[in-house]
Each structure stands twice: as C-alpha cells, then as structure tokens.
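For reference, the structure is listed below as structure tokens.
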C-alpha cells in the first residue's frame, strides 16, 4: 500500500492506494488553516492500524506552512516505518484531477497576488512547460490552454478573456496518475518563489 499526502493548499488531502493505482480510501478536507492539527488524525483514521509500504508527499509549490507540515509528517512516518519516501509535484497532482483529455494548465494562487502555473499535456500527463510564478496578466500571456484548473484558474482566465476555469484542489487520490518523473522528486519543499522573510543584514 502507498500513503499519499498533499498539504500544499487549503485542502488537506490523504489517500491510501494499491500498487496498481486502485484507490483504497481517501480523505479531503478544505481547512484553510489547521493542517498541523488535522493531518495526523486524518492519516490515523485512514490507515486504521495498517502500515504503508511507501509514502508520497506533495512538495509544492503552494503554502509555505502547509508544505512544511506535510513534509515533516511524511519524513517522520518514513523513518518510523522504515519505508521509502518520495516527493510529488502538487501542480501535476492538480492537473491529474482535471476532467477530460487534452491540454490543461494548473494554476494556484500564490503570494503578492501572483499565480503558480504550469501547463500539461494529456494523455499521458506530461509537463508542456516550466513551473512559472507570474502575475495573472503575465500568466494569461504565457498560458494558452483552453482549460485551467485550480484556485488561480478564474484569475488567469479572466485576465486572458477566454477559456474555462475550474476551481479545484490537488487531491492525493490522484498521486499514481502522475508520470514517474513527477512522483519521484526529492521530498523537500518546492516553494516556486523566494520566501518573503529576509535575513537581517549585519550592521
């Protein structure tokens, strides 16, 4: 069994998957905040005494705090169970939940009114461009896929003036829909932009 976790957005998402990709069980709770308090009880309920053979965890981009919560929990459980741990792209996870086939862009709201955005081809799911961190206007000029999904989708489509926007969150239940290259990442944060905090300069 595979335990998949994503806490990159307001959605706290965990899933238990069979090796062939079949969904055994899943939990998705849109919390806004509170991932640190809710994640481990959700996992405990999901596992019901079972132990996974490996763990996949969303690396971002997304919420700085949410990413740290998910990654810290995943690292702790991987050590405790002595099982392999790998990272997954949260934007690819978002794209994997989009309906239909054909090109899709995943867009998440980031800090300072900007968007994290990446385009993907389907099927099979594969990156069609780099991860970008742009204003909605700049993202609209850079992404031309008709379908855009995610919390930033409506902003991008409005700035572009055409296309379809679906307000979706990444869900751990789609982890094995990702290509191998996007679910074997180093399990560390992919913030997508520099943190707001800056070290104090020496006087």
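So how do 89, 8, 63 line up by other beta-carbon neighbours within 10 Å, fewest first?
On the way: 89 28, 8 34, 63 22.
By the 10 Å Cβ count, ascending: 63, 89, 8.
Can you give the % of DSSP beta bridges in the chain that are antiparallel, to the nearest 5?
Counting only bridges with both partners in the chain, antiparallel ones make up about 65 percent.
Given q = 0.12, 0.15 Å⁻¹, what are the Debye log10 I(q)/I(0) values for the chain, with equal point scatterers placed on the Cα positions and solvent ignored? Normalising to I(0) and taking log10 leaves -0.57, -0.86. All Cα-Cα separations within the range 98-166 were binned at 10 Å from zero, giving a P(r) of 26, 59, 15, 0, each value a whole percent of the pairs. Counted over the range 98-166, the DSSP beta bridges are approximately 70% antiparallel.
Using alpha-carbon positions, what is the distance between the centroids of the range 37-103 and the range 1-22, in Å? For the range 37-103 versus the range 1-22, the Cα centre distance is 5 Å.
Comparing mean-square fluctuations of 72, 48, 36 from a GNM of the chain with C-alpha springs under 10 Å, the top value falls on 48.
For the chain, the longest principal axis of the C-alpha atoms and the axis of helix 35-47 are separated by about 50°.
For 112, 35, which order do you get if you count the other beta carbons within 10 Å of each Cβ and list the fewest first?
Ranking 112, 35 by Cβ neighbours within 10 Å, fewest first, gives 112, 35.
Taking the longest Cα principal axis of the chain as reference, the axis of helix 64-81 is set at about 30 degrees. Working note: 222 nm ellipticity from helices only, DSSP H runs with n ≥ 4, each -39,500 (n - 2.57), summed and divided by the residues of the chain, gives -8000 deg cm²/dmol to the nearest 500.
Computed from the coordinates by the stated procedures, all read-outs in this text should not be read as laboratory data. Keep in mind the model is a prediction, meaning the values are calculated, not measured. Cβ coordinates were reconstructed from backbone atoms using ideal geometry, including for glycine residues, and neighbour counts include every protein chain displayed.
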